[in-house]
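What follows is a short report on a single structure.
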Amino acid sequence: MGHFIRRSMAVLLVVLLVACGRSSANLPKGFQEYRDVEKGFALLYPDNWAFQLDPKGAVRLSDPADSTYQVSVLIADAPRKDVKDITVFGSPKQVAERFANTALKKNLPPSAKVEILNPKQRKDTNGFIYYSFEIILANQGKANHLMYCLSVTKGKVYTLVTGSSAVNWLDRQERLYKIVDSFDVGIKG
């Protein structure tokens, strides 16, 4: 009986990894795909990163050697039921500015500097609209580049956040852009 249970658990684990985990077909070299059919999103991430469940319910993938080099996806209810896509909140620049002024600055010391770069919009082949932007946070001689990608579908706001310290930014920038540009909220279960 114990053998049957262990074998069943092994089969279940393989099925879960295939359904929620990694795929290698047609992926850029050095990347894997994370696909969560239940939550309805997918993204690319460096193939040496590890998956962990964030205590707040988000998905987090990170470099085991440097936990600050990571990507997280947060999903929240849209503020109103009639919100169909991200454009109802304004332009990419307006959304980035509102986010920086309300979510970031209130948790930073007054001496901290916040700079918004490259707000842009993209539309995928399924018609989903995404806003992305970079934010540089500088405080006490240290700086971090954060990259955000937001989209709205099915009454939910999806937010991908990734980034790097300014020290490692040039080495990691291309990979981080690939992660942001791969974010897809049109995954069906």
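Taken together, the values in this text are just the output of simple stated rules run on the coordinates, not laboratory data. The structure presented is a predicted model; accordingly, all values stated were derived computationally and were not measured. Here Cβ is always computed from backbone atoms with ideal geometry, including for glycine, and neighbour counts include all displayed protein chains.
Suppose we take every Cα in the stretch 132-171 and form the convex hull; what volume per residue is that in Å³?
62 Å³
Modelled label-to-label distance, Asn118 and Asn101, 7 Å Cα→beta-carbon offset: nm?
2.4 nm
Summing +1 for each Lys or Arg and -1 for each Asp or Glu, what net charge is found among the other residues whose Cβ lies under 11 Å from the Cβ of Cys149?
Local net charge: -1.
Among Val114, Val167, Val59, what is the fewest-to-most ranking by other Cβ atoms within 10 Å?
Details: Val114 16, Val167 11, Val59 20.
Ranking Val114, Val167, Val59 by Cβ neighbours within 10 Å, fewest first, gives Val167, Val114, Val59.
Based on a Kirkwood Rh over C-alpha pairs, give the Stokes-Einstein translational diffusion coefficient of the stretch 2-182 at 10 °C and viscosity 1.306 mPa s in µm²/s. Don't skip to the answer; put the middle values down first.
Values: Rh = 17.8 Å.
Diffusion coefficient, whole number: 89 µm²/s.
So how far apart, in nm, are the two label points at Ala166 and Asp85 if each is 7 Å from Cα heading toward Cβ?
Placing both labels 7 Å beyond Cα along the Cβ direction yields 3.6 nm.
Determine the gain in length on full extension of the stretch Ile187-Asp77; use 0.36 nm per residue of separation and subtract their C-alpha separation, reporting nm with one decimal. Walk me through the numbers on the way to the answer.
Working: separation 110, 0.36 × 110 = 39.60 nm, distance 1.75 nm.
Extra length available between Ile187 and Asp77 comes to 37.8 nm.
By count of other Cβ within 10 Å, fewest leading, how are Arg80, Arg98, Arg122, Arg175 ordered?
Arg80, Arg98, Arg122, Arg175
Estimate the FRET efficiency between Glu38 and Thr125 by the formula 1/(1 + (r/R0)^6), using the beta-carbon distance for r and 25 Å for R0, to the nearest 0.05.
About 0.65, to the nearest 0.05.
Determine the gain in length on full extension of the stretch Gln140-Asn48; use 0.36 nm per residue of separation and subtract their C-alpha separation, reporting nm with one decimal. If you can, show how the numbers build up before the last one.
On the way: separation 92, 0.36 × 92 = 33.12 nm, distance 3.16 nm.
Additional length available on full extension: 30.0 nm.
Can you give me the pair-distance distribution of the stretch 109-189, C-alpha pairs, 10 Å bins, whole percents?
17, 44, 26, 11, 1
Nothing charged except the Cβ atoms of Lys and Arg (+1) and of Asp and Glu (-1): what's the magnitude of the dipole of the stretch 48-169 about its Cα centre? Round to the nearest 20 debye.
On the way: 16 positive and 10 negative charges, 82 e Å.
With Lys and Arg at +1 and Asp and Glu at -1, about 400 debye.
Find how many whole Å separate the alpha carbon centroid of the stretch 37-92 from the alpha carbon centroid of the stretch 118-188.
10 Å
So how do Leu104, Leu150, Leu53 line up by other beta-carbon neighbours within 10 Å, fewest first?
In order of increasing Cβ crowding within 10 Å: Leu53, Leu104, Leu150.
So, in nm, how far is label Glu174 from label Lys154 when the simple model puts each one 7 Å beyond its Cα toward the Cβ?
Placing both labels 7 Å along Cα→Cβ, they lie 3.5 nm apart.
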